[in-house]
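A.B. asks: Please see the structure below; I have some questions.
The values are calculated or read from the model by the stated rules, or taken from the named source; none is laboratory data. In this text, all values refer to a predicted model and were calculated from it rather than measured experimentally. Here the Cβ is made from the backbone with ideal geometry for all residues, glycine too, and neighbour counts use every protein chain on show.
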Amino acid sequence: MLDIDTLNALNDLMARTLYRAEVAHLPKLSQAEEDELAMRARSGEVTARAALIVSCLASVYLMALNFYLIYKPAHDDTLDLAQTASLEMLRALDRALEKRNPGAYLRGIARKELVSSTRICSD
C-alpha cells in the first residue's frame, strides 16, 4: 500500500497513476524466490498463489504500456489493458503451476492476451 508521502508526490490521483505507483513498489523477486512461491502455491497455500500473481503485475503493466503506446488499442487506457492481461493470468494460474517456471508462463499468458487485445482493437 502506498504511504502518504508517495501519494503527496504524485501529480494526479487517477487510477492508472495509483496503479503504476503501487506496482512500482512491489518487490522484484529473484528466480529462486519465485520458485519457492511456486512450490508453496502447488501445495495449496493461498497466500503463495496470490503472491505469484502479484509478482508478475509490474512486468505486465510495463508490457501493457508498451502495447498501448505502440498499437493505440481501443481500450480506455494502459490500466484497462493491464487488467485484461492480469485476469488471464488468474484464469491460467492452475495450469501455470503445472509448468516448470510458473512465473514465466504467467507473463507469457499476459503477453498473449495483450497481443490478442491489440490485434482485435486494430482490426
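A.B. asks: If you go through segment 71-83 one residue at a time, do you hit one that is among the acidic types (Asp, Glu), touching an Asp or Glu at 6+ places or on another chain (Cβ under 6 Å), within 27 Å of MET1 (Cβ to Cβ) and modelled with pLDDT under 95?
C.D. replies: Just the residues of segment 71-83 that are among the acidic types (Asp, Glu), to begin with: 76-77, 80.
Then keep just the ones that are touching an Asp or Glu at 6+ places or on another chain (Cβ under 6 Å); that gives none.
So far as segment 71-83 goes, no, none of its residues is among the acidic types (Asp, Glu), touching an Asp or Glu at 6+ places or on another chain (Cβ under 6 Å), within 27 Å of MET1 (Cβ to Cβ) and modelled with pLDDT under 95.
A.B. asks: Just give me the residues in segment 27-76 being in contact with a helix residue (DSSP H, G or I) (Cβ under 7 Å, 6 or more places away or on another chain) and loosely packed, with under 14 Cβ neighbours inside 10 Å, in sequence order.
C.D. replies: Let us first name the residues in segment 27-76 that are in contact with a helix residue (DSSP H, G or I) (Cβ under 7 Å, 6 or more places away or on another chain), namely 29, 34, 37-38, 40-41, 48-49, 51-53, 55-61, 63-65, 67-68, 71, 73-75.
If the condition is that a residue be in contact with a helix residue (DSSP H, G or I) (Cβ under 7 Å, 6 or more places away or on another chain) and loosely packed, with under 14 Cβ neighbours inside 10 Å, then ALA74 is the only one that fits.
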